[in-house]
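This report refers to the structure that appears directly beneath it.
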Amino acid sequence: MKAKSNKQLKGIVKKDSHIKGRSIIIAPELFWEYSLNIYKDEKVKDACLFLQDHAGLNVNLILLLTYLSEQQLILSFEDLEGIETALERSEKLLKHHRRKRKGLKKINQVAYKQALADELDLERGQQQELLEAANGCFFNRIQSPLQLSDFLTALCINKRTKSPYYDPDNAELTLPKSLLDACTELAKVAENRFFDQQNKTNKP
């Protein structure tokens, strides 16, 4: 299964952008509560962790994109790259802590549970950095939350092009079906939540 190229993905934003020049302001407390709530969905948790472990995507960034897509909004691809750069330090710290925490699982359950709590604090701290980088960026209107799949696919492609094993002569990157399925699953969840919210709003 062929993934769309970066050029095609950027074209999606330009084609569907009806609102430009307005900035995104998201309250940290609101986004944290949203993240805790949606992460209780096993489909969301599994897809996020799969994209983290197999594509190197940042879970907090995935959740932000999901949050925005539920409102038919998305950040530009260029802004996404800039935000990823802003998170490099905290992501490196989280990866180190995550490896250490996983190593404790079969050795010391008390230490493992404490490491989980510490990791949650680190995740919340990273969300602060994420919103500092994202708030003030311009947003684009998308036609459907299902387009979230395209943007997550773009991030997967971007990660692959930065890999030392990437062949620049290979114009069409092929992503494993499992990665594309994870992107699609998150987009479906966003669409369902979007329609649920619409139904609540339209109730008399």
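The values are calculated or read from the model by the stated rules, or taken from the named source; none is laboratory data. Because the structure is predicted, anything quoted here is derived from the model rather than measured. Ideal geometry is used to build each Cβ from the backbone, glycine not excepted, and the neighbour counts take in all protein chains shown.
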* To do: Take E91 and decide whether it is of a type in the set (D, E), touching a Pro at 6+ places or on another chain (Cβ under 9 Å) and closer than 21 Å to Y39 by Cα.
  => no
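Matching residues to (1) in contact (Cβ under 8 Å) with a residue 40 or more places away in the chain; (2) more than 14 Å from F151 (Cβ to Cβ); (3) among the small types (G, A, S):
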{"position": "F31", "(1), (2), (3)": "yes, yes, no"}
{"position": "S35", "(1), (2), (3)": "yes, yes, yes"}
{"position": "V44", "(1), (2), (3)": "yes, yes, no"}
{"position": "A55", "(1), (2), (3)": "yes, no, yes"}
{"position": "L75", "(1), (2), (3)": "yes, no, no"}
* **Whichever residue in the stretch 66-79 is surrounded by fewer than 21 Cβ atoms within 10 Å (Cβ to Cβ) and among the polar types (S, T, N, Q) and, among such residues, is modelled with the lowest pLDDT** => S76
* Structure fact -> By residue number, the members of the stretch 116-158 that are in contact with a Gly (Cβ under 9 Å, 6 or more places away or on another chain) and either small (G, A, S) or outside any helix (DSSP H, G or I) (or both) are A133, C137, F138
* **Flag for L63 being among the aliphatic types (A, V, I, L, M), surrounded by 15 or more Cβ atoms within 10 Å (Cβ to Cβ) and under 20 Å from G125 (Cβ atoms)** => yes
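Every residue, every condition in (1) exposed (fewer than 15 other Cβ atoms within 10 Å of the Cβ); (2) touching a Leu at 6+ places or on another chain (Cβ under 8 Å), yes or no:
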{"position": "L36", "(1), (2)": "yes, no"}
{"position": "L57", "(1), (2)": "no, yes"}
{"position": "K95", "(1), (2)": "yes, no"}
{"position": "R99", "(1), (2)": "yes, no"}
{"position": "L104", "(1), (2)": "no, no"}
* Subset of the stretch 26-60 (residues that are under 12 Å from the mean Cα position of the chain (by Cα) and among the β-branched types (V, I, T)) -> V44, V59
* **Any pair with Cβ under 6 angstrom, 6 or more apart, that starts in the stretch 148-168 at a residue that is surrounded by 13 or more Cβ atoms within 10 Å (Cβ to Cβ) and ends at one that is modelled with pLDDT of 90 or more and assigned to a loop (DSSP other than H, G, I, E, B)** => L155/L57; K159/G56
* Which pairs have Cβ atoms under 9 Å, sit 6 or more apart or on different chains, and link a residue in the stretch 188-204 that is of a type in the set (S, T, N, Q) to one that is surrounded by 12 or more Cβ atoms within 10 Å (Cβ to Cβ)? -> N192/P145; Q197/E70; Q197/Q71
* To do: Show the residue pairs that are 6+ apart or on different chains and have beta-carbon atoms under 7 Å apart, the first residue being within the stretch 107-135 and free of Cβ contacts under 8 Å to residues at least 24 places away in the same chain, the second being surrounded by 14 or more Cβ atoms within 10 Å (Cβ to Cβ) and hydrophobic (A, V, I, L, M, F, W, C).
  => A111/L104; Y112/L104; A115/L104
* Looking at I74, I62, I107, which one is of a type in the set (A, V, I, L, M, F, W, C) and either on the phi > 0 side of the Ramachandran plot or assigned to a strand (DSSP E or B) (or both)? -> I74
